[in-house]
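The next block holds one structure in the form of structure tokens; read it before the comments.
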Amino acid sequence: MPKMRFMTIERHIIEGEKKHPGATGELSRLLSDLVLAFKVISLEVNKAGLVDILGFAGSENVHGEQVKKLDVYAHEMMFKAMDHGGHLCIMASEEEEDIIHIPSNYEIGKYVLLFDPLDGSSNIDANVSIGTIFSIYKRVSEDGHPGTQEDCLQQGLNQVVAGYVVYGSSTILVYTTGDGVHGFTLDPSIGEFILSHEDIRIPKKGKIYSINEGNYKYWHPGLKKYIKHLQEEDAESQRPYSSRYTGSMVADVHRTLLYGGIFMYPADSRSPKGKLRLMYECNPMAMIMEAAGGRASDGTKRIVEIEPTNLHERTPIFIGSEYDVKQVEEFMANEESLSWIDKL
Ligand code: AHM
Ligand code: MG
């Protein structure tokens, strides 16, 4: 007999909320609305090649990157699924420059939703895994009124829920409320996310590193030394490490969470803040990684402690097994490296 309980995500969320006396069930209902959006996006991603939805939509997103049709679709689906539940006061999406208000004819709630609707979108045409990343916060502005930018610009430490979905060889949803990290695989025949990875814990040390090595020339000297260190032979510390990099953060971080090791998108001399977005990508992944026993830093401090000043700001990120993230921090903390980073 299989050991794992047969548990849908909806039931898991409700059972989790029951552990908190005084919970109203509002967060559970919000998460159920989100789950519906993920199912619809998953379906659309899976039939992308069939319905001629691949290719550029012809517009650029707020970061000046070309937007593909599936990005637009996923963004709109998230909005449509979440605008009328009465649980949110405001949303923000990587695909939209400004905060997204709840239409005035719908009820206003106490939660805030931030999301990257389709991460790794440059991989769509090649059938490489892509995903959706999300964060939920409690509002800090006055109840009963439309949410504000201040509600969205909170430290990652304030996240109430963080999660992601990988649309890969199967669709998997991973989420945390801070108390354990759990994964649910979509069974397409019944349209339900079923618990498949209970209480995920990242290994304390891994043997895989994940970084875009094409940018080597522009890196921090300490980071160059660290990568060379990982490539040296030493049986005791399981070196050389293997290298894996898909170009979809959501897939690279998911693998890192399950197998251990480290994913990095550093600052470099061309991009002093790195590439990935604090609010839509780094904070939610950092909350998940820490809840699974791992570590997430910008090189010097925890990602979730960064005080955000801009909805679309970027940050360098080093995320994964505790041992590996601490080690890269140490390599970058040497004197030569500090002077380099000061010049940025
Ligand atoms: P996107 O949100 O436009 O898809 O960009 C983010 C993606 C991440 O998923 C991935 O880690 C990174 O960009 C890859 O960037 P690069 O091609 O510079 O290595
Ligand atoms: Mg992204």
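The values are calculated or read from the model by the stated rules, or taken from the named source; none is laboratory data. The structure displayed is predicted, hence computed values, not measured ones. Note: ideal-geometry Cβ built from the backbone for every residue, glycine included; neighbour counts use all protein chains shown. In case anyone asks, the SASA skips ligands and DNA or RNA and just uses the protein heavy atoms, side chains included. Shrake-Rupley method; radii C 1.70, N 1.55, O 1.52, S 1.80 Å.
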*Would you be able to tell me the number of residues in the range 79-128 that are of a type in the set (A, V, I, L, M) and within 13 Å of Met279 (Cα to Cα)?*
6
_the range 231-282, subset away from ligand 1 (no atom under 15 Å from the Cβ) and hydrophobic (A, V, I, L, M, F, W, C), residue surrounded by the fewest Cβ atoms within 10 Å (Cβ to Cβ)_ = Ala235
*Which pairs have Cβ atoms under 7 Å, sit 6 or more apart or on different chains, and link a residue in the range 249-260 that is within 12 Å of Ser321 (Cα to Cα) and touching a residue at least 24 places away in the same chain (Cβ under 8 Å) to one that is part of a helix (DSSP H, G or I) and within 12 Å of ligand 1 (Cβ to nearest atom)?*
Val253/Met285
*Candidates Ile124, Ile136 - the one that is among the β-branched types (Val, Ile, Thr) and open to solvent by 10 Å² or more (accessible area, probe 1.4 Å)*: Ile124
*Which residues, counting only those in the range 114-136, are modelled with pLDDT of 95 or more and more than 13 Å from the chain's Cα centre (by Cα)?*
Ser129
_Matching residues, the range 81-97, being in contact (Cβ under 8 Å) with a residue 24 or more places away in the chain and open to solvent by 60 Å² or more (accessible area, probe 1.4 Å)_ = Glu96, Glu97
*Would you check which residues across the range 114-143 are more than 16 Å from ligand 2 (Cβ to nearest atom) and under 24 Å from Ile303 (Cα atoms) and list them?*
Ile136, Tyr137, Lys138, Arg139, Val140, Ser141
*Working only within the range 283-304, note down all residues that are more than 14 Å from ligand 1 (Cβ to nearest atom) and closer than 14 Å to Gly180 by Cα.*
Ala286, Met287, Ile288, Met289, Glu290, Ala291, Ala292, Gly293, Gly294
_Subset of the range 311-334 (residues that are more than 30 Å from Gln149 (Cα to Cα) and of a type in the set (Val, Ile, Thr))_ = Val325, Val328
*Could you tell me which numbered condition Glu307 fails, if it satisfies all but one of (1) touching a helix residue (DSSP H, G or I) at 6+ places or on another chain (Cβ under 7 Å); (2) more than 15 Å from ligand 1 (Cβ to nearest atom)?*
(1)
*Counting residues that are of a type in the set (A, V, I, L, M, F, W, C) and within 21 Å of Val128 (Cα to Cα), which helices (runs of 4 or more DSSP H) fully inside the range 244-344 reach at least 1?*
249-259, 283-291
*Out of Asp125, Asp151, Asp179, Asp199, sole residue that is assigned to a helix (DSSP H, G or I), more than 16 Å from ligand 1 (Cβ to nearest atom) and among the charged types (D, E, K, R)*: Asp151
